[in-house]
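Chemist: Input: one structure, supplied below.
The values are calculated or read from the model by the stated rules, or taken from the named source; none is laboratory data. Model, not experiment: these values are computed from the prediction. Please note: Cβ atoms are built from the backbone with ideal geometry, for glycine as well, and neighbour counts cover all protein chains shown. SASA here: full protein model, heavy atoms, side chains in, ligands and nucleic acids out. Shrake-Rupley method; radii C 1.70, N 1.55, O 1.52, S 1.80 Å.
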Amino acid sequence: QVQLVETGGGLVQPGGSLRLSCATFGTSFSISTMGWYRHAPGKQRDMVATITNGGSTVYADSVKGRFTISRDKNTVYLQMNSLKPEDTAVYYCNADRIDTLVTSLYNVWGQGTRVTVSS
C-alpha cells in the first residue's frame, strides 16, 4: 500500500519561512487530491490547502497570500512564508483517494510534522 511521510517542520521566528514536504511511497499508484491540514492543541483540525492531480488549489482564508501548495509526481509541498505564531500546529498530509493496480485507498494520512512559530 501507500505511505505518506511529512518532513520540513521545525522552529521558526515570526515572519520566517518553512517548506513542508510530503513524500509518497509505494508501488504504482495515483492520487486525486492531496492536502495539508493542521491541528493545534485546543483547536479543531483545519484544512490549510489542497491540490488536485490537475493542479487546482484551494486555500484556507487564514493562509491565502502566504502559503503555496504544489506537487510533482511523488511529492506534495507546502511553502509557508510570513509565518505567524497562530500557524503553530502539527501539519498533516492527506490523500483523499489513492488508486493502485489492485485497490483504492481512501483518506490516507501521514504522521505529521510539527511547526512552531515563536520568537
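Chemist: Exactly which trypsin sites (Lys or Arg not before Pro) in the range 1-97 are in a DSSP loop and have at most 13 other Cβ atoms within 10 Å?
Modeler: On the way: sites: ARG19, ARG38, LYS43, ARG45, LYS64, ARG66, ARG71, LYS73, ARG97; in loops: LYS43, ARG45, LYS64, ARG66, LYS73.
Those that pass, being in a loop and sparsely packed, are LYS43, ARG45, LYS64, LYS73.
Chemist: What length, rounded to one decimal in nm, is gained on full extension from ASP61 through to SER119, with 0.36 nm per residue of separation minus their alpha-carbon distance? The partial results should precede the final answer.
Modeler: On the way: separation 58, 0.36 × 58 = 20.88 nm, distance 2.41 nm.
Taking 0.36 nm per residue and subtracting the Cα distance, the gain is 18.5 nm.
Chemist: Related question: Only Cα pairs under 8 Å and at least 6 apart count here; give the relative contact order of the range 1-112 as a rounded whole percent.
Modeler: On the way: 248 pairs, mean separation 38.0, N = 112.
Computed value for the range 1-112: 34 percent relative contact order.
Chemist: Just to verify a number: what accessible area does ASP99 come out at with the full protein assembly present, 1.4 Å probe, Å² rounded to tens?
Modeler: Roll a 1.4 Å probe over it and ASP99 shows about 50 Å².
Chemist: Same structure, new question: At 4 °C and a viscosity of 1.567 mPa s, what translational diffusion coefficient does Stokes-Einstein give for the chain, taking Rh as the Kirkwood radius over Cα pairs? Give it in µm²/s as a whole number. Kindly include the intermediate steps, with their values, before the conclusion.
Modeler: Working: Rh = 14.4 Å.
Diffusion coefficient, whole number: 90 µm²/s.
Chemist: Under a straight-distance cross-link criterion of Cα-Cα below 24 Å, which lysines are reachable from LYS43, leaving out those fewer than 8 residues away in the same chain?
Modeler: Counting by Cα, and skipping residues close in sequence, LYS43 has these lysines nearby: LYS64, LYS84.
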